[in-house]
Amino acid sequence: MNKIFVRLARDYRVIRAFVTRARFIYLLLNLYYFMIKRSTRIFGPVFAQIEPTDACNLSCRLCIVNRDLANSKYGFMDPEIFRKFIDENSKSIAFLVLYNRGEPFLHKDIIQMIDYAASQNIFVKVSTNALFINKDIIKRITDSKLDELLITLDFPERLDYADYKGKDTFEDVVENIRLLMEARKNMTTPLISLQLLLTRVNENKVTRFKELAGELNVDQLVYKKLRINRKEESGYLPEQEKFVRKSYLNNGNKLSNLCVRPWISATVLWDGTVVPCCFDAKGEYELGNIKEFKMDNIYNGNILSYFRHGLLGSFNTIPLCARCNLSNYFSNFNHKAG
């Protein structure tokens, strides 16, 4: 399928999701409340990030799950809890990201979860390492109602991939991408993006990544700036400043202390815990649990309202936000047509 048609079809589905039930009104109102510094009685969320599982089949070097949560018990979201959340919030949610920590396709019910959310005219995006348990999942993905699939190949060469990911499965993933593109050949869904992680070993291999993406015929390229969690990991950062997040550059530039996320989005971990955003990878800031409370009660509860109030004052009043390197989130990604 022509890449232009695929991207236009994706854009149409995004617009349709926001127009459905006038969800854009909720977005505009929440943005207005953000601008006037109102921290209570917020509509929404309009964007949601739900974690199907925190289990993963790779061992990436800088992954917080692999390093800091390695001894934790992995879990999988109860599909009934997921459907209940979608039912209660489909009036406001337009865009659903079905991944956070872990590999989504390890969840045995992930396709049903995708299709259920999509049946409510919600745009659904999933990120995967494409190291699937079996080939059957490929056809199930292309037959599903998934709108967008981001594949985190991250490295254009096998040895770099194996060194960072902890497994020498580069060729397996490349073959899976080929099979995905072949299965989706005559369709416009899902849009398939290929991600390059900008590290020191990758910064001079962008051209090779483009060549590989061209060979695989994916719809879109995504360049992601590396996130580190410890000072000793700084050696992984690229030498070229344009490939580094601003928060890591010691150039005296002041980062914005405004974050709109608590006004428009929600992040839910596999066990139902609601946290401020994906940066809270350890689930330290529990705002409530969707098993016990409706999202509206959590979204306008005292804890999240206090959290918003703290953001409206000084960025450093909340330790999580003080160390955040995602204050200008969208500058950490660069999308290019394939």
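Some values worked out for this structure:
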{"quantity": "Surface accessible to a 1.4 Å probe, per residue, for the residues of segment 137-257, Å²", "calculated": "48"}
{"quantity": "Solution diffusion estimate, µm²/s, Stokes-Einstein, segment 55-132, Kirkwood Rh from C-alpha pairs, 4 °C, viscosity 1.567 mPa s", "calculated": "95"}
{"quantity": "Semi-axis lengths, Å, segment 88-202, gyration tensor of Cα atoms, sqrt of 5 times eigenvalues", "calculated": "26, 16, 13"}
{"quantity": "Most mobile listed residue (SER119, SER305, SER265) in the chain, GNM with C-alpha springs under 10 Å", "calculated": "SER119"}
{"quantity": "Heavy-atom surface of segment 3-114, accessible at 1.4 Å and reported per residue (Å²)", "calculated": "48"}
{"quantity": "Assigned charges on the beta-carbon of Lys, Arg, Asp, Glu; the chain dipole about Cα centre (debye)", "calculated": "1080"}
{"quantity": "Cα centroid separation, segment 266-298 to segment 1-34 (Å)", "calculated": "24"}
{"quantity": "Relative pair counts by distance (%), Cα atoms of segment 260-312, 5 Å bins", "calculated": "4, 22, 35, 27, 10, 2"}
{"quantity": "q = 0.15 Å⁻¹, segment 2-48: log10 I(q)/I(0) [Debye, one scatterer per Cα]", "calculated": "-0.50"}
{"quantity": "Carbon/sulfur fraction of accessible area - the chain, other protein chains in place, 1.4 Å, %", "calculated": "53"}
{"quantity": "Scattering curve values for segment 144-183, log₁₀ I(q)/I(0), Debye with Cα scatterers, q = 0.17, 0.29 Å⁻¹", "calculated": "-0.50, -1.00"}
{"quantity": "Alpha carbon convex hull of segment 136-202, volume per residue in cubic angstrom", "calculated": "86"}
{"quantity": "Shape metrics for the chain, restricted to C-alpha atoms - Rg then Dmax, Å", "calculated": "19.6, 52"}
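The values are calculated or read from the model by the stated rules, or taken from the named source; none is laboratory data. Since we're looking at a predicted model, the values are computed, not measured. In this analysis, Cβ positions are derived from the backbone assuming ideal geometry, glycine residues included, and neighbour counts consider all displayed protein chains. Each accessible area value is taken on the protein alone, full model and side chains, heavy atoms only, with ligands, DNA and RNA left out. Shrake-Rupley method; radii C 1.70, N 1.55, O 1.52, S 1.80 Å.
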